[in-house]
Each structure stands twice: as structure tokens, then as C-alpha cells.
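Right, one structure below, let's go through it.
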Amino acid sequence: MQQLLAPIYDFLGCETPDAWIERAKKPEQLTELLIDHCNCELKAAQTAMFMIRKYAIDKQSSHILLAWAKPYEDFVYNKDRNINQFLQRDVKKNDITADLVPSEKLAISEDLMIKMVRLIKEEFHHFEQVLQIMSTRNIEYRNMRAGRYAKGLMSHVRTFEPATMVDKLIIGAFIEARSCERFAKLAPHLDDELNRFYVSLLRSEARHYQDYLSLARDVAGEDISERIAYFKVQEAELILSDDEAFCFHSGSPVA
């Protein structure tokens, strides 16, 4: 595990504050944390989907991608949702790469499409896994208000291409790296089922961060270390500063 996590710690500008772990490991916090984690998995899939639709595929392929996401979004936005019914639905296909046509807008369209489709597939699967855990624990899914983390990072995105795309890919790398770091730190403080589950997520989260970073470098076509260093500072500030809200990517909790 240490070999897997070493690049993550090097990439991030700080480790999760002990105060966040102390709050997260409290039994009464578990419900909120699982619901937010579930929401985070879907948001990660939606973010990757946006990147594909905007930069990597043609219009017809975009419709195919949206159809793939529809059952998940219907579940999330339907107030009469049923977890068991959703989990037991007939899933005909969960890898649509062969159905998508790369656009000519970007030199690396196909690579971006392949990497992001794999990420979406895994995030959808993680979403379902968290839902299954919630179901067995009689925890009802609900929408939660987004914290400041992703919005705070996105506020620094440059407004011209390809810089906008590069910045969004770098941010994706930081979000995935932070998720990996938090899963690893929190896992030892949880019950056996959640410990095993969070540890099982580490490899895919680490790969997601690497995929985002390699795509950012390819799109830029030049050294982006200065931009990575910039977001490293911004991300660390969000993680270390006091945060009134408490969620999976929140900062240091206010007592």
C-alpha cells in the first residue's frame, strides 16, 4: 500500500488534518459520510462525462453517453427513488467505448475518451457499491449540498482554451488523489466491511489521478509543473483551513 500511496503524498500539498479524521471516524458521522461519498462517486462520473462530451466525441456519441448515465441520474433526482430496485435493474452494457466515435477537435480525443469511459465505468460501480452498503445498513440515499472544495478549485480555472481544459484535468487529478489519500487514512478507523471497501478503492483512485495528469500534460504539449504547483497550493489551503461544513472533501472541521 505504501508503494501505491507514495506518489499520492508527493503530489498533494498536505495530508488530511487529524481533526478531520477524528470527526469522520465517529459512529454518528458515518451516515452523512456514506451519503456524501455516494454523491461524490456520481459527481466524478458526471465530470468525466462532461470532459468527453465537450472535447472528445461527436454529437451522436454524446447521446449514447447520456443514455448510459440516465439510470443513475434518474435515481439521484427522483424523490421516489428505491435503492433495491435500482441495484437489481437489468444492466445490459456497462462499457460503451466501442459505440463512441472520437471527434477531430482534439489530437488526443481517443485517448481521453478511453481513459474517461473507464473512469466513469468504475465510478458508477463504486456508486452502486456504496448504495449497497447503505442499503444493508438501512441508510436512505438523499441529495446533499455540495461543499466548497470542487467549487473552490474550479474558481481558479483559466478562461481560454486549451488552458481551461488543462486546468480542469489538473483539478481532476487533485480530487482523485485526495480521495485516495482520505480512503487510506480513514479505512483503519472503520469497521471491517468499510475498511476492506475503502482499501479496495485505492488502486483505481490512484490510477484516476494518474490518468487525469497524463491527459493534462498531453493536452498542454508543454511543461505544466508550474500550473500543478499552483493548484497544489490552492488544494492544500482548502484542506487545511477551517470549514463549517463536513463532507468527504471538506477542510479542517470547526469544533
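The values are calculated or read from the model by the stated rules, or taken from the named source; none is laboratory data. Just so we're clear, the structure is a prediction, and the values are computed from it rather than from any experiment. For neighbour counting, all protein chains shown are included, and Cβ atoms are generated from backbone atoms with ideal geometry for every residue, glycine included. Protein only, heavy atoms only, side chains kept; ligands, DNA and RNA dropped before computing areas. Shrake-Rupley method; radii C 1.70, N 1.55, O 1.52, S 1.80 Å.
Residue check: is Leu42 over 25 Å from Ala150 (Cα atoms) and of a type outside the set (Gly, Ala, Ser)? In short, no. Candidates Ala6, Ala19, Ala48: the one that is part of a helix (DSSP H, G or I), touching a strand residue (DSSP E or B) at 6+ places or on another chain (Cβ under 8 Å) and small (Gly, Ala, Ser) is Ala19.
Might you check whether a residue that is β-branched (Val, Ile, Thr) and open to solvent by 20 Å² or more (accessible area, probe 1.4 Å) occurs anywhere in the range 30-39? Yes, that holds for at least one residue. Within the range 1-38, can you find the residues that are more than 16 Å from Phe248 (Cα to Cα) and among the acidic types (Asp, Glu)? Selection gives Asp10 alone. For the range 62-78, check the following and say yes or no: at least one residue is hydroxyl-bearing (Ser, Thr, Tyr) and open to solvent by less than 10 Å² (accessible area, probe 1.4 Å). No, because not a single residue in the range 62-78 is hydroxyl-bearing (Ser, Thr, Tyr) and open to solvent by less than 10 Å² (accessible area, probe 1.4 Å). Of the residues making up the range 48-57, none is more than 19 Å from Lys115 (Cβ to Cβ) and not β-branched (Val, Ile, Thr).
Output yes when any residue across the range 82-102 is acidic (Asp, Glu) and closer than 22 Å to His126 by Cα, and no when none is. Yes, there is a match, as at least one residue in the range 82-102 is acidic (Asp, Glu) and closer than 22 Å to His126 by Cα. Summed over the range 118-130, the residues that are of a type outside the set (D, E, K, R) and over 13 Å from the mean Cα position of the chain (by Cα) give a count of 2.
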